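Report on the structure given below.
The values are calculated or read from the model by the stated rules, or taken from the named source; none is laboratory data. This structure is a prediction, so every number in the text was calculated from the model and none was measured. Cβ sites come from the backbone with ideal geometry, for glycine too, and all protein chains shown count toward neighbours.
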Amino acid sequence: MFQLIDKLEKNNQLTKDEFIYLLSNFNQDVSKYLFDKARNISQKFFGNKIYVRGLIEFTNFCINDCFYCGIRKSNKNCDRYRLTKEQILDCCKKGYELGFRTFVLQGGEDLKYRHDDMIDIISTIRQEFPDCAITLSIGERTYDEYLKYFEAGADRYLLRHESANFDHFNKLHTKNQSLDKRKECLFNLKKIGYQVGTGFMVGSPFQTFETLAEDLLFIHELKPEMIGIGPFIPHKDTPFKNFSPGRLDLTLFLIGVLRLMIPNALIPATTALGTIDPKGRELGILAGANVVMPNLSPVEVRNKYLLYNGKICTGEEAAECRMCLQNRMKSIGYELVVDRGDFKPLEALA
Ligand code: SAH
């Protein structure tokens, strides 16, 4: 197993069977060996710097019905909200003062924000915050829509593939969604020139080591600039309410694997990771992650954007969230930086 990790470090890749073997058999010693390598790579390229992204959850309306997600269309108990343009700009303003230089606009697939509204919001942020990166995370759109958002000033896009295995993807979603469509979106985003983030939940229902290996192979093929993974956590008002949450050790192990696969990738220690373990985000950084995403949404809507139960950071103000993360990072020897934190090619980092 140690040799497999050496091989992964050298080639940034393993075969499907090798991945399956590694994921099904790793233990604490192997994890430690992997995390040491992953952390060394992060430190070589990023030092002790951790990039911050201010997450603005601007709508929880959604036309989709993903079986895992708490803001799915069929959840009648979800109290829906939609931030106005002014509220969104206000979040950015507050965030800017706190040192954020990336704003992530995330939401359900909410078609009430017409195409023109999105363009208006993006171009206004672009004008008012010229030194900041704008990341979108609003699901599947047409090539033309992605292009228009890019031209309006968006720089990055997060769209997790969720599962690279067709059967597994279909077990997580209703019939109107498909893996083919998802992949097409991701390749379109790349083609347009976005920095693209993809990823998956660890321990989602019906996931196997084989589907996980396929996820890793797909990531190798797509070569995303950002990779977000976090444990699946059940939500009481979804069809998956009785499934167990994903494993901490496996999520951390996969973060380490992803760091070896794409050494210069931007990999967040996610809120979901911090939700299943009080030290989850710190452990994520120590396993090779280099990004955190504090919440910038207005406090009054925080507890309405519940993708899963038990979500942390729903009560604090943006400033408190940032301070809390800053202290957490400091406690393990890292510092949050005021920086857009763009993806850079290896040559530029070495
Ligand atoms: N609607 C957008 C963005 C919001 S969802 C989109 O679909 O891209 C953002 C991510 O949260 C999803 O990609 C999914 O992987 C994750 N997520 C959703 N429900 C979750 C749950 N129950 N547990 C853990 N992560 C979840």
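Each row is one residue, and each column tells you yes or no for (1) in a loop (DSSP other than H, G, I, E, B); (2) surrounded by 21 or more Cβ atoms within 10 Å (Cβ to Cβ); (3) under 19 Å from the mean Cα position of the chain (by Cα).
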| residue | (1), (2), (3) |
| --- | --- |
| Asp249 | no, no, yes |
| Ile255 | no, yes, yes |
| Ser297 | yes, yes, yes |
| Asn309 | yes, no, yes |
| Cys313 | yes, no, yes |
| Asn327 | no, no, no |
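Selection over region 169-206 of residues that are touching a residue at least 24 places away in the same chain (Cβ under 8 Å) and assigned to a loop (DSSP other than H, G, I, E, B) gives a count of 10. For region 137-160, the set of residues classified as polar (S, T, N, Q) and part of a strand (DSSP E or B) consists of Ser137 only.
Yes or no, residue by residue, for (1) of a type in the set (D, E, K, R); (2) more than 16 Å from the ligand (Cβ to nearest atom):
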residue: Cys62; (1), (2): no, no
residue: Lys93; (1), (2): yes, yes
residue: Leu98; (1), (2): no, yes
residue: Ile125; (1), (2): no, yes
residue: Ala152; (1), (2): no, yes
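If we scan region 45-61, do we find a residue that is assigned to a helix (DSSP H, G or I) and touching a residue at least 12 places away in the same chain (Cβ under 8 Å)?
Here is the first cut: in region 45-61, the ones assigned to a helix (DSSP H, G or I) are 45-46.
Imposing the further condition that a residue be touching a residue at least 12 places away in the same chain (Cβ under 8 Å) reduces the set to 45-46.
For region 45-61, residues assigned to a helix (DSSP H, G or I) and touching a residue at least 12 places away in the same chain (Cβ under 8 Å): present.
Against the conditions (1) in contact (Cβ under 8 Å) with a residue 60 or more places away in the chain; (2) away from the ligand (no atom under 11 Å from the Cβ), Thr238 satisfies every one except (2). Considering Ile56, Ile134, Ile50, Ile121, the condition of being within 22 Å of Ala318 (Cβ to Cβ), surrounded by 16 or more Cβ atoms within 10 Å (Cβ to Cβ), aliphatic (A, V, I, L, M) and within 14 Å of the ligand (Cβ to nearest atom) is satisfied by Ile56 alone.
I'd like to check something: does region 316-332 contain any residue that is among the small types (Gly, Ala, Ser), at pLDDT 95 or above and closer than 30 Å to Thr84 by Cα? Don't jump to the end; show me each part of the working.
Within region 316-332, the first condition is being among the small types (Gly, Ala, Ser), and the residues that meet it are 318-319, 331.
With at pLDDT 95 or above added as a condition, the list becomes 331.
Still in the list and also closer than 30 Å to Thr84 by Cα: none.
Looking for residues that are among the small types (Gly, Ala, Ser), at pLDDT 95 or above and closer than 30 Å to Thr84 by Cα, one finds none in region 316-332, hence no.
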